[in-house]
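Readers should treat all values here as calculations from the given coordinates under stated rules, not as data from a laboratory. The structure presented is a predicted model; accordingly, all values stated were derived computationally and were not measured. No Cβ is skipped: glycine too gets one built from the backbone with ideal geometry, and neighbour counts run over all protein chains shown.
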Amino acid sequence: MFLAFIILGGVLLLLSLVTLFRNLGVDITGMSRLSRYLWHFRWILGAALGVASFFFSYRMESPTTDDVYQVHGWPFFAYAFDQRGWDYVGPLTLPFIFLNLVVWALLPQLLVWPLSWSCRRRGKDTPFEQRGEDRARGRPEPRDEP
């Protein structure tokens, strides 16, 4: 199960980064008022989730023994405590805490991606897709003719 959560965390991180770059240059002037509110609220929600990710914990029972663990961090297991109070930390604890923060902070990007997708379908492309055009005016750039 540990490996499955690592893979899920990697996929979430990759998708969140892709949608972050896809969402960066979207022209939101054609969006409804509620959509614009959600568009701007994604940063506040991302910051709150990133900070809250440090406090996510849950109980997990060992399938082979009677041990019960309090695990911190999802999707990356950062550290755990058992019922005796022993801690289970290692060299990946700090990187996993950071990865959890990044995954949870970027998760709202996935939620608003359909809004940016609908803007691009209406012809309001992101700056990454406007090749050869003046982004400020939306007109072709002037060319020097000999």
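In table form, for the structure just shown:
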quantity	calculated
From phi via Karplus (6.51, -1.76, 1.60), per-residue ³J(HN,Hα) for segment 48-56 in Hz, x at Gly/Pro	5, 5, x, 5, 5, 4, 5, 9, 5
Label-point gap, in nm, between residue 87 and residue 18 - each point 7 angstrom along Cα→Cβ	3.7 nm
